[in-house]
Amino acid sequence: MFIYKDIDQKFLANPVTDDVTVLLDKDAIKQSIKNLILSTPTDHKFHPEIYCIAGNYLFSNMNSTDKQIIVRDVINILSVYEPRINVYDVDIDMDLNSRAMSIKIYYYYANTDETDLVNVIVREIR
């Protein structure tokens, strides 16, 4: 029995049912985490508070204070809008050559001791 179910945002057709593919449990949670981290203030109508500030730092010379601000924002947005997990560590790596930021989020699934990792790449969109 699956607890969490979500539509895959790639909108690929299921080869058996010819319907949109579905993500279940852990994969649905990972997709939700990526959506929250990659959100901008205009993505959620009537809820401009649901977004992450990581994209604002793509073109800046990031120092340790900036990294701590992003880490705090990532933990805050996930604790408020993703109650199915508990974040215990966030690691940020900046690649200045490709103007991309790698955010690794380490977390526990709620009510379990099982851990997992999501690596979200934030980059410039043209």
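The values are calculated or read from the model by the stated rules, or taken from the named source; none is laboratory data. All of these numbers come straight from a predicted model, not from anything done at the bench. Cβ atoms come from the backbone with ideal geometry, glycine included; neighbour counts cover every protein chain shown. Areas reflect the complete protein model, heavy atoms only, side chains present, ligands, DNA and RNA absent. Shrake-Rupley method; radii C 1.70, N 1.55, O 1.52, S 1.80 Å.
Key figures for this structure:
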| read-out | value |
| --- | --- |
| Pairs where the first residue, in segment 76-87, is over 17 Å from ILE53 (Cα atoms) and the second is open to solvent by 80 Å² or more (accessible area, probe 1.4 Å) and among the hydroxyl-bearing types (Ser, Thr, Tyr), C-beta under 6 Å, 6+ apart | ASN86/TYR108 |
| Output for segment 1-21, where each listed residue is open to solvent by 60 Å² or more (accessible area, probe 1.4 Å), in a loop (DSSP other than H, G, I, E, B) and among the charged types (D, E, K, R) | LYS10, ASP18, ASP19 |
| Enumeration of residues in segment 76-116 that are open to solvent by 60 Å² or more (accessible area, probe 1.4 Å), among the small types (Gly, Ala, Ser) and in a loop (DSSP other than H, G, I, E, B) | SER98 |
| Search result, residues across segment 22-42 that are part of a loop (DSSP other than H, G, I, E, B) and either within 29 Å of THR115 (Cα to Cα) or of a type in the set (Lys, Arg) (or both) | ASP25, LEU38, SER39, THR40 |
| Qualifying residue in segment 22-42 (condition: touching a Leu at 6+ places or on another chain (Cβ under 7 Å), at pLDDT 90 or above, open to solvent by less than 80 Å² (accessible area, probe 1.4 Å) and aliphatic (A, V, I, L, M)) | yes |
| Which numbered condition ASN63 fails, given (1) open to solvent by 70 Å² or more (accessible area, probe 1.4 Å); (2) modelled with pLDDT under 85; (3) among the polar types (S, T, N, Q) | (2) |
